[in-house]
Amino acid sequence: MPIEEKARRIRKDGSAPQLPRASARRPFDCLHPSFKIEAGIPRTRPNTGNMLVLCAAMTGVIVTISTLGIALEGLLCQRGKLQTETERSAMATACLINTSDTQGKMNNLVAHSRELVFESRTDKNIVDSNYPDLTSLADQLLLESRESAILIKVERDQLADATAQEMIKTVTDNKNSFAELSLPFIYTSRPTIWELEAGFIDGIDSNVESPTGNGELLALDMASGYIQQTSNLYKGNINARLPSPDNDLDFKISCLPAPVAGTTAPARLAGCAVFRKQALLMANGAATGSKCDQTPSAMKLTLRMTASSEFSQDCKGTLACSQTALSAGGTPLP
Amino acid sequence: MNKQVVAILLFTCQLIIWQAQQPAASQIKSTYDWTIQIETKELNNYYPAKDTNLRDFVLCNITLCPASGSPKNYEQLFYASDRCIGARRINPLALKHGDEVAIRLKRPEGPPSPSQTSAAANAVVRCLLDAFAAGGIATTILTPPEAYLNTIQGMAREKFFIAPPATPDEPRYSKISVHIYSEPEGQQDELIYQ
């Protein structure tokens, strides 16, 4: 009897025929399941697989990936906050370097003291040659000039040391609201000072104008290479010694932006590529005791924090951010 | 008649003697080839660094005034703690050999401080040397009457002292001699460098 006849008979009788073995090819497998139900053919399904477990597993994977993503995002946020904090601290410190234009005025005092010694020596040379009766008066004024130059040198050295100490104190005392980050898988610490360097910005001269009213001194300084010819300013970070016998005196002029059209340059941030180091004031959070030969006009601050993970003790690293800041420039002469 | 003539002659002699005893009506020349004018100005809080020994900043502006022509800024002298610490030449000293030079102290605004007085005296001495070195003849210092005594005290710190009265039998040993007058006139002295 054909299969279709048997299927028709089942429908009428309501009894299920004996089905062939599952391994045998079943022609009615191609029938729609609804026909199978009407025909009383039991449904056949595979015994392996569990969608609930699959969904749970996928949910777990998604949650894990999301948590890792959040942790990494938190790490990047901390990195950004570290950069912001470094900039803020650097700027606050730079604003204190040349308060009330002490550095600019000291540069000018050094230059004026130098010119005074030069003039006194010139008068003495003339008097010794032509007016010997005035020698004692010329000696008196020359001695006073030289003593004043030594006094100015001491004050300048004191200013350089005081500036460095002020920078260290400001950076150390700087309070911040930087909080630790504690997330699943990631932990970051509070930022600490790694390095503080004092120096200057490459390409910036001093704020001292060349002695255009003193022809002899101007010619001497031009020949000695002390003056930047394009700007008519003394070069920065020089020791403008006078000729013998006054070459034992130091006349150190440091870098500082000069006023332009009567306007003083404000303190500002700068790129680390143009910073030139003079002294390392702090290393690993502690003062090194280094001294600056010239009064610094710029500084570079590096903050760092550690990031670690609970996955492994070896899974830890350091985030560091550096920022350079330049002090305010000199003010015009009175 | 004879009595009247004698009386007139006596009166005339007395008048002549009295005139001879009076100083000259004016020993300040009305014109000099150059007048170096010194003006002092206090710079309050000029260098506000911590623990500094530089205090009481004074700026001396020195101007060259020719007999005919407009004045020119010559130099600025900087003073602190009663000592000269710097100079800034603005224009050269355009003196010729033999030019007569007077140094005038300009009356400051308000009563001068001791630092200003000390600075003015030192500036006078430096201008004297500059004038001598340039070949000028600087023998006169003019000062306001109210600053006359202080100027003399300041000059004493620079080793310029009032000359003792000249006597015919005692020579005076001094290489540098200047006269100081108050302007308007009333006081005068001779200062010698010792």
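The values are calculated or read from the model by the stated rules, or taken from the named source; none is laboratory data. Worth saying up front: this structure is predicted, and the values here are computed from it rather than measured. Glycine also receives a Cβ, built like all others from the backbone with ideal geometry; neighbour counts cover every protein chain displayed. When the accessible area is computed, the model is the full protein with side chains, heavy atoms only, and any ligands, DNA or RNA have been set aside. Shrake-Rupley method; radii C 1.70, N 1.55, O 1.52, S 1.80 Å.
Of (1) closer than 26 Å to A:Phe118 by Cα; (2) open to solvent by less than 10 Å² (accessible area, probe 1.4 Å); (3) of a type in the set (A, V, I, L, M, F, W, C), B:Ile90 satisfies all except one. Which?
Failing condition for B:Ile90: (2).
Among the residues of the range A:70-112, write down those that are surrounded by 18 or more Cβ atoms within 10 Å (Cβ to Cβ) and polar (S, T, N, Q).
A:Gln78, A:Thr86, A:Ser89, A:Thr93, A:Asn98, A:Thr102, A:Gln103, A:Asn107, A:Asn108
Conditions tested, residue by residue: (1) modelled with pLDDT of 90 or more; (2) over 15 Å from A:Ala307 (Cα atoms).
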residue: A:Gly74; (1), (2): no, no
residue: A:Gln78; (1), (2): no, no
residue: A:Lys81; (1), (2): no, no
residue: A:Met91; (1), (2): yes, yes
residue: A:Ser100; (1), (2): no, yes
residue: A:Lys105; (1), (2): yes, yes
residue: A:Ala111; (1), (2): yes, yes
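I need a count of the residues in the range B:171-181 that are surrounded by 17 or more Cβ atoms within 10 Å (Cβ to Cβ) and at pLDDT 90 or above. I'd like the intermediate steps shown before the answer.
Initially, the range B:171-181 is screened for residues surrounded by 17 or more Cβ atoms within 10 Å (Cβ to Cβ), giving B:176, B:178, B:180-181.
Next, from what is left, pick out any that are at pLDDT 90 or above: B:178, B:180-181.
Here the count works out to 3.
Can you go through A:Leu141, A:Leu159 and tell me which one is touching a residue at least 60 places away in the same chain (Cβ under 8 Å), aliphatic (A, V, I, L, M) and at the interface with chain B (Cβ under 8 Å from one of its Cβ atoms)? Talk me through it step by step, then tell me what you get.
Details: A:Leu141 fails: touching a residue at least 60 places away in the same chain (Cβ under 8 Å).
So the residue among A:Leu141, A:Leu159 that is touching a residue at least 60 places away in the same chain (Cβ under 8 Å), aliphatic (A, V, I, L, M) and at the interface with chain B (Cβ under 8 Å from one of its Cβ atoms) is A:Leu159.
For the range B:141-170: of the residues being away from chain A (no Cβ under 14 Å) and open to solvent by 90 Å² or more (accessible area, probe 1.4 Å), which is nearest to B:Leu128 (Cα to Cα)?
Among them, the one singled out is B:Gln153.
Does A:Asp173 meet the test of being open to solvent by less than 70 Å² (accessible area, probe 1.4 Å) and charged (D, E, K, R)?
Against the criterion (open to solvent by less than 70 Å² (accessible area, probe 1.4 Å) and charged (D, E, K, R)), A:Asp173 does not qualify.
How many of the residues making up the range A:117-156 are among the acidic types (Asp, Glu) and open to solvent by 50 Å² or more (accessible area, probe 1.4 Å)? Give the steps one after another, and end with the answer.
Here is the first cut: in the range A:117-156, the residues among the acidic types (Asp, Glu) are A:119, A:123, A:128, A:133, A:139, A:144, A:147, A:155.
Keeping just the survivors that are open to solvent by 50 Å² or more (accessible area, probe 1.4 Å) gives A:128, A:133, A:139, A:147.
Total satisfying the criteria: 4.
Among (1) within 14 Å of another protein chain (Cβ to nearest Cβ); (2) small (Gly, Ala, Ser); (3) open to solvent by 50 Å² or more (accessible area, probe 1.4 Å), there is one condition B:Gly186 misses while meeting the rest; what is its number?
The failed condition is (1).
When you look at A:Thr102, is it farther than 20 Å from A:Tyr226 by Cα, facing chain B (nearest Cβ under 7 Å) and either assigned to a helix (DSSP H, G or I) or out of contact with any Leu (no Cβ under 9 Å at 6 or more places or on another chain) (or both), yes or no?
yes
Test B:Glu100 against the criterion of being of a type in the set (Asp, Glu), more than 9 Å from every other protein chain (Cβ to nearest Cβ), under 19 Å from B:Pro145 (Cα atoms) and open to solvent by 50 Å² or more (accessible area, probe 1.4 Å), and give yes or no. Give the derivation first.
Values: of a type in the set (Asp, Glu): yes; more than 9 Å from every other protein chain (Cβ to nearest Cβ): yes; under 19 Å from B:Pro145 (Cα atoms): no; open to solvent by 50 Å² or more (accessible area, probe 1.4 Å): yes.
No, not satisfied.
Only one of (1) modelled with pLDDT of 95 or more; (2) within 14 Å of another protein chain (Cβ to nearest Cβ); (3) in contact with a helix residue (DSSP H, G or I) (Cβ under 9 Å, 6 or more places away or on another chain) fails for B:Ile38. Which number is that?
Checking B:Ile38 against (1) modelled with pLDDT of 95 or more; (2) within 14 Å of another protein chain (Cβ to nearest Cβ); (3) in contact with a helix residue (DSSP H, G or I) (Cβ under 9 Å, 6 or more places away or on another chain), the one that fails is (2).
Having 2 or more residues that are among the hydroxyl-bearing types (Ser, Thr, Tyr) and open to solvent by 40 Å² or more (accessible area, probe 1.4 Å) is the bar; report the strands (runs of 3 or more DSSP E) wholly within the range A:223-334 that clear it.
Values: elements: A:268-270, A:275-283, A:298-308, A:316-326.
It comes to A:316-326.
Given the criterion crowded, with 23+ Cβ neighbours inside 10 Å and under 11 Å from the mean Cα position of the chain (by Cα), identify the matching residue among B:Leu77, B:Leu95, B:Leu128.
Numbers: B:Leu77 fails: under 11 Å from the mean Cα position of the chain (by Cα); B:Leu95 fails: under 11 Å from the mean Cα position of the chain (by Cα).
Residue meeting the stated conditions: B:Leu128.
Of all residues being part of a loop (DSSP other than H, G, I, E, B), of a type in the set (Gly, Ala, Ser) and within 12 Å of chain A (Cβ to nearest Cβ) in the range B:41-89, which is nearest to B:Pro114 (Cα to Cα)? Just the residue, please. Explain how you work it out, then say what you get.
Within the range B:41-89, the first condition is being part of a loop (DSSP other than H, G, I, E, B), and the residues that meet it are B:44-56, B:67-71, B:81-82.
This time we only want the ones that are of a type in the set (Gly, Ala, Ser), so: B:49, B:67-70, B:81.
If we keep only those that are within 12 Å of chain A (Cβ to nearest Cβ) as well, we get B:49, B:81.
Values: B:Ala49: 22, B:Ser81: 11 Å.
Taking the candidates together, the pick is B:Ser81.
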